[in-house]
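The values are calculated or read from the model by the stated rules, or taken from the named source; none is laboratory data. Bear in mind the structure is a predicted one, so any value in this text is a computation, not a measurement. All Cβ positions, even for glycine, are placed from backbone atoms using ideal geometry, and neighbour counts span all protein chains on display. All accessible areas refer to the heavy atoms of the entire protein, side chains included, with ligands and DNA or RNA removed. Shrake-Rupley method; radii C 1.70, N 1.55, O 1.52, S 1.80 Å.
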Amino acid sequence: MINLLTIVGEGRLLGGAGMIRGGYRCVCFTEAPLPAVAGGFVNTESFSRYSPFGLMFDKSWLYAKGGRPVIYQPDIDFNALPEEMRWRHVRYEPVTAPPIDFTWEREWRIRTDRLNFSPANAAIVVPNEEWEAFILRIWDSQQDLEVESYSVLFEQTIVEQLRDPFPWRLVRLSP
């Protein structure tokens, strides 16, 4: 949760090269439907590396920023890809023992060191109503502190007008 609040506060996602063959720096996404994420978003072996917190972007916005679906294929086919597409490669070996299959992640990537975004581009995903209320309380507390600091200089009625509405759309995974 702290990571999410930091990312939202900075308005950026940083690219990484972990688990990306060729060392390409990318920001990675899933296009999994929300009900799949709410259900734990796990593979057939009940494995997941995801939490019920995140950011949700419109796919067309990601596409306009250079985002593309990954290409699931055997590692032997990596070099057959044109250099400008290799950042999209994800190993897929369903007939090996054990099988290597991350297709359930429905991954998209943007090849970049940094992706800037704003409330106009993203929604904050939280597990439930309690977490939604928690985030709104944090926002209200920050607004209270701002109002309090300005109230030393200005009348309370003027200072109250400085309160900003919560700028983000919140999406709950469950009620």
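Subtract the Cα-Cα distance of residue 17 and residue 142 from 0.36 nm times their separation in residues, and report this length gain in nm to one decimal.
On the way: separation 125, 0.36 × 125 = 45.00 nm, distance 3.48 nm.
Stretched out fully, the residue 17 to residue 142 stretch lengthens by 41.5 nm.
What the chain shows is 62 Å² of accessible area per residue, with the surface traced by a 1.4 Å probe over protein heavy atoms.
Relative to its Kirkwood radius, the Cα radius of gyration of the stretch 19-175 gives an Rg/Rh of 1.13. Once amide H atoms are placed 1.01 Å from N in the peptide plane, what residues at a sequence separation of 5 or more from residue 30, or on another chain, have their amide H within under 5 Å of its amide H? Result for residue 30 returns 108.
In loop segments of the stretch 82-175 as defined by DSSP, the GluC sites (Glu not before Pro) with at most 16 further C-beta atoms inside 10 Å of their C-beta are 155.
Under a 5 Å amide H cut-off, with hydrogens placed 1.01 Å from N, residue 92 pairs with 73, 75 among residues at least 5 apart or on other chains.
Dimensions of the stretch 1-112 from C-alpha coordinates, computed as largest minus smallest value along each principal axis and given longest first, are 41, 33, 23 Å. In the chain, carbon and sulfur make up what percent of the accessible area (probe 1.4 Å)? Solvent-exposed carbon and sulfur of the chain make up 56 percent of the total.
Computing FRET efficiency as 1/(1 + (r/R0)^6) for residue 85 and residue 3, where r is the C-beta to C-beta distance and R0 is 30 Å, gives about 0.50.
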